[in-house]
Structure formats: C-alpha cells, structure tokens
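*Asks:* Here you go, one structure.
The values are calculated or read from the model by the stated rules, or taken from the named source; none is laboratory data. Everything numeric here is computed off the predicted structure, so don't read it as measured data. When we count neighbours, we look across all protein chains shown, and the Cβ atoms used for this are built from the backbone with ideal geometry, even at glycine. Surface areas here come from the heavy atoms of the whole protein model, side chains and all, with no ligands, DNA or RNA. Shrake-Rupley method; radii C 1.70, N 1.55, O 1.52, S 1.80 Å.
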Amino acid sequence: MNLQSLLAFAGDHLMLSLAFVGLTLALAFNEISRLISPVKAVSAAQLTELINRDDALVVDLSATGDFEKGHIAGARNVPMGQFDPENKLLAKVRDLPVVLVCRSGNVSADAAKRLVKAGFRSVHWFDGGVAAWQQAGLPLVKGKG
C-alpha cells in the first residue's frame with residue numbers, strides 16, 4: 001500500500017477516515033493527560049506495594065452498603081457524599097501516600113484531583129476500582145472494616 005492508495009481510500013471513505021483521525025487524537029490526548037497529571041493511576045500490584053512499603057492510606061469512596069459488601073483490607077470508608085479534603089481522616093495524612101478507590105475507578109480519579117488541589121503531596125487513584133481488584137484475584141473483606 002502506498003500513499004496514493006491510502007489517500008484514495010480516505011477520499012472514498014471520508015466519514016470512516018474522520019472517525020479514525022478523531023479516535024486517534026482522543027487516545028493521544030488521554031495518554032498525554034495521564035503522563036502529565038499530578039495524580040497517578042495505580043494497578044493492583046502497585047496498590048499492594050504502596051500499602052506494604054509506604055503504609056498508604058486507602059480510602060474507599062463507595063456508599064456504605066457497597067463498602068460493607070466488600071472492600072480492600074485496611075481501607076477506610078468515606079462515601080463520596082461525605083468526601084472533603086478537610087475531612088478529619090484525610091486532614092491528618094496530607095504528607096502521606098493516599099490511594100482513592102471506588103467501585104469502577106471513575107469517581108476516585110476525580111476525587112484524587114480534588115486532594116491534589118487541596119495540597120496533598122502523594123495522591124493516587126486505583127485504576128479499575130474494586131472490580132479490578134477482584135479481577136486480579138485479590139481478596140475483599142466484608143463488613144465495616
């Protein structure tokens with residue numbers, strides 16, 4: 001395939017070509033944003049390392065009922081409706097590693113950005129949330145924690 005045939009294909013399939021370019025740009029923007037973000041996503045293995053090596057505080061933002069159905073061992077529950085960087089639990093750990101967790105990873109990413117804006121030094125969010133923890137074959141604890 002040469003450039004001329006590629007241009008001919010793009011001309012014949014304009015909508016498909018525009019969709020491809022748009023998706024490529026969106027993926028590139030997303031990856032660049034992740035690289036320069038002050039908030040770092042962590043995997044299950046990285047989360048385990050942060051807990052064991054750095055004594056990171058794991059904050060689960062799930063609703064209380066969901067938290068009690070299953071959470072990462074040692075996690076503290078601060079439901080998103082009560083989440084505030086000035087929360088007494090969080091205010092004590094401004095200089096320590098904090099990892100935010102939710103059910104899917106979406107809510108915790110936004111909450112992590114709020115902590116960084118509030119002056120927290122080492123903020124992470126667990127990419128994929130509790131669902132990713134389970135998919136990695138790691139155990140959950142039931143009850144209030």
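*Asks:* Taking only region 47-101 into account, find how many residues are among the hydroxyl-bearing types (Ser, Thr, Tyr) and within 23 Å of Ala136 (Cβ to Cβ).
*Replies:* Filtering region 47-101 down to residues among the hydroxyl-bearing types (Ser, Thr, Tyr) leaves 48, 62, 64.
If we keep only those that are within 23 Å of Ala136 (Cβ to Cβ) too, we end up with 48, 62.
Final tally of qualifying residues: 2.
*Asks:* If Leu25 passes every condition in (1) among the aliphatic types (A, V, I, L, M); (2) part of a loop (DSSP other than H, G, I, E, B); (3) modelled with pLDDT under 90 but one, which one does it miss?
*Replies:* Checking Leu25 against (1) among the aliphatic types (A, V, I, L, M); (2) part of a loop (DSSP other than H, G, I, E, B); (3) modelled with pLDDT under 90, the one that fails is (2).
*Asks:* Identify the residue in region 47-57 that is closer than 17 Å to Cys102 by Cα and without any contact (Cβ under 8 Å) to a residue 60 or more places away in the chain and, among all such residues, is surrounded by the most Cβ atoms within 10 Å (Cβ to Cβ).
*Replies:* The qualifying residue surrounded by the most Cβ atoms within 10 Å (Cβ to Cβ) is Leu57.
*Asks:* Restricting region 63-121 to residues that are of a type in the set (S, T, N, Q) and under 14 Å from the mean Cα position of the chain (by Cα), which is least open to solvent (accessible area, probe 1.4 Å)? First the steps, then the outcome.
*Replies:* Residues of region 63-121 that are of a type in the set (S, T, N, Q), as a first pass: 64, 77, 82, 87, 104, 106, 108.
When the remaining residues are screened for being under 14 Å from the mean Cα position of the chain (by Cα), the result is 104, 106, 108.
Values: Ser104: 61, Asn106: 109, Ser108: 0 Å².
Here the answer is Ser108.
*Asks:* Follow-up. Which one of these does Gly22 not meet: (1) farther than 23 Å from Arg121 by Cα; (2) open to solvent by 70 Å² or more (accessible area, probe 1.4 Å)?
*Replies:* Of (1) farther than 23 Å from Arg121 by Cα; (2) open to solvent by 70 Å² or more (accessible area, probe 1.4 Å), only one is false for Gly22: (2).
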